[in-house]
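Comments concern the structure below.
Coordinate-derived values only; no laboratory data. Note that the coordinates shown come from a computational prediction; the quantities given were computed from them, not determined experimentally. Counting neighbours? That spans all protein chains shown, and the Cβs are built from the backbone with ideal geometry, glycine included.
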Amino acid sequence: MKRNTTLKFGIVTIILAFFIIGGIAAGPALAAKHTIKIIFLGNADDEDYDGSLVFKDFVESRSNGAIEVQIFPGGQLCGNPRECLESLQAGIIEVYMTTLGGFGNLFPESQVLDLPYMFDNDRVIETVFTGPFVHEFRQAIIQRTGLRLMTMTNTGGWRNIANSKRQIRTPRDLKGLKLRTINSQVQIELVKLLGANPTPIAWPELYTSLASGVVDGSKNGITDIVGMKFHEHIKHITLDGHAYMSAMWLMNNDFFMSLPKDMRKIVADGFDNLRNVTTAFPKRRQIEAYEAFKKAGGKIYVPTPDEKAQFVAAAKPLKDWYIKKYGRKWLDKLEKAIKDARAELAKGYAKELN
């Protein structure tokens with residue numbers, strides 16, 4: 001029995017040694033050849049993180065570990081859009097998700113997508129964001145900045161007017177209110193046109209600004225309001241839907257082009273999966289978010305068609321403002337893309353509804 005036990009021990013030792021040596025030998029072959037660091041300023045509870053996880057899973061698995069994806073939410077490697085974009089251009093990070101406001105300093109014309117009341121609904125803008133407009137946009141961004149637009153998604157639903165003071169029915173009700181805006185000239189001018197006082201404040205500082213009265217409200221989607229606990233102070237939301245909360249997922253173009261072509265395809269497909277998640281999740285999460293807002297004493301108001309028309313009329317001069325500063329090129333391209341999207345959807349409705 002002792003001989004058998006000794007023999008078995010020897011066999012096990014040999015097997016273990018084989019796996020240890022094999023593992024050491026195989027280690028370098030399995031190590032990632034490329035690393036993609038994804039940065040965004042939101043927290044790990046929102047759709048940007050969920051989309052990043054899906055991207056990570058897809059890219060790492062399809063590349064057989066040749067690409068490693070690291071996710072850094074909450075501004076861990078850079079604290080504001082300017083720092084993050086500079087790090088992205090310098091190649092310190094590979095991917096950064098920004099809103100249009102954060103990107104406006106590098107490519108001011110991109111603010112065309114923040115012009116108010118341009119899009120009818122989700123289907124129209126999602127059609128635009130997967131169409132020729134984004135391809136043209138991508139090429140222009142590469143030439144201007146050296147960054148590559150991988151995909152356009154949503155980060156929080158639609159922008160609505162929210163405040164801690166009173167119910168807003170028409171632009172007249174906004175007079176005297178201090179509204180937080182992103183650092184975007186289009187958004188700042190919009191708040192002025194609606195009669196309120198624009199106050200650009202960094203996202204991480206908004207909660208304390210609401211608590212201390214530095215601002216009376218903001219222009220955000222309900223999932224962001226509840227996710228960041230702004231509803232502890234904000235008690236009124238008017239669903240005017242003036243802008244879609246667009247997200248630009250940017251990659252350092254030199255890094256992207258340095259990847260082998262098969263790996264570039266995997267990365268591109270990974271961003272398409274990310275787009276599906278980050279576009280869908282705000283729609284699902286807003287259900288609980290609205291309930292949480294109401295449970296905390298919040299009031300939700302939907303403008304009548306006449307009241308909505310007053311908001312649209314008040315914001316109308318913003319198009320002329322944009323044209324005067326940046327020209328008609330990208331506004332014409334966007335309006336054509338919207339028109340084409342409506343026509344495409346109309347054909348689909350003709351088949352679906354008859």
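Between Gln70, Gln187, Gln143, where does the largest GNM mean-square fluctuation fall for the chain, given springs only between Cα atoms within less than 10 Å?
Looking only at Gln70, Gln187, Gln143, the largest GNM fluctuation is found for Gln143.
Please compute the modelled spin-label separation between Asp45 and Val302, points set 7 Å along Cα→Cβ, answer in nm with one decimal.
It is 2.7 nm.
When the chain is modelled as a GNM with alpha-carbon springs shorter than 10 Å, which of Gly91, Gly327, Gly241 fluctuates the most?
Looking only at Gly91, Gly327, Gly241, the biggest GNM fluctuation is shown by Gly327.
Only helical DSSP H runs with n ≥ 4 go in: add -39500 (n - 2.57) per run for the chain, normalise by residue count and round the 222 nm mean residue ellipticity to 500 deg cm²/dmol. It would help to have the intermediate numbers written out before the result.
Working: 14 runs with 190 residues, N = 354.
Calculated at 222 nm, the ellipticity per residue is -17000 deg cm²/dmol.
Would you mind computing, in nm to one decimal, how far apart the modelled labels at Glu288 and Lys319 are, each placed 7 Å from Cα along Cα→Cβ?
4.0
Based on the alpha-carbon gyration tensor of the stretch 73-125, what equivalent-ellipsoid semi-axes (square roots of 5 times the eigenvalues) come out, in whole Å, largest first?
Numbers: eigenvalues 136, 32, 17 Å².
Ellipsoid half-lengths, sorted descending, are 26, 13, 9 Å.
So how much slack lies between Glu344 and Ala90, counting 0.36 nm per residue of separation and subtracting their Cα-Cα distance, in nm? Walk me through the intermediate numbers first.
Working: separation 254, 0.36 × 254 = 91.44 nm, distance 4.02 nm.
Additional length available on full extension: 87.4 nm.
Does anything in the stretch 58-86 have its amide N under 15 Å from the 7 Å Cα→Cβ label point of Asn276, and if so which residues?
Inside the label zone: 58-59, 62.
Would the stretch 201-294 count as rounded, prolate or oblate if I go by the C-alpha gyration tensor, calling it rounded below 1.5 in a/c and otherwise prolate when a/b exceeds b/c, oblate otherwise?
Taking the square roots of the gyration eigenvalues as a ≥ b ≥ c, the stretch 201-294 is prolate.
Residue by residue through the stretch 189-201, which ³J(HN,Hα) values in whole Hz follow from phi under the Karplus form 6.51 cos²θ - 1.76 cosθ + 1.60 (θ = phi - 60°), with glycine and proline marked x?
Residue by residue, the stretch 189-201 yields 5, 4, 4, 4, 4, 7, x, 9, 9, x, 9, x, 9 Hz.
Could you tell me which of the pairs Lys219/Lys336; Lys229/Lys319; Lys165/Lys283; Lys33/Lys283; Lys235/Lys336; Lys316/Lys351 are separated by over 31 angstrom between their Cα atoms in the structure shown? Present the calculation step by step, with values, prior to reporting the outcome.
On the way: Lys219/Lys336 27 Å; Lys229/Lys319 34 Å; Lys165/Lys283 27 Å; Lys33/Lys283 37 Å; Lys235/Lys336 38 Å; Lys316/Lys351 34 Å.
Result: Lys229/Lys319; Lys33/Lys283; Lys235/Lys336; Lys316/Lys351 exceed 31 Å.
Which entry in (i) 66, 55, 40; (ii) 53, 51, 35; (iii) 94, 50, 44 matches Cα extents along the principal axes in Å derived from the coordinates of this structure?
The value computed from this structure is option (iii).
In whole Hz and in residue order, list the ³J(HN,Hα) couplings for the stretch 37-42 that follow from phi through the Karplus curve 6.51 cos²θ - 1.76 cosθ + 1.60, θ = phi - 60°; x for Gly and Pro.
Running phi through 6.51 cos²θ - 1.76 cosθ + 1.60 with θ = phi - 60° gives 9, 9, 10, 8, 8, x Hz.
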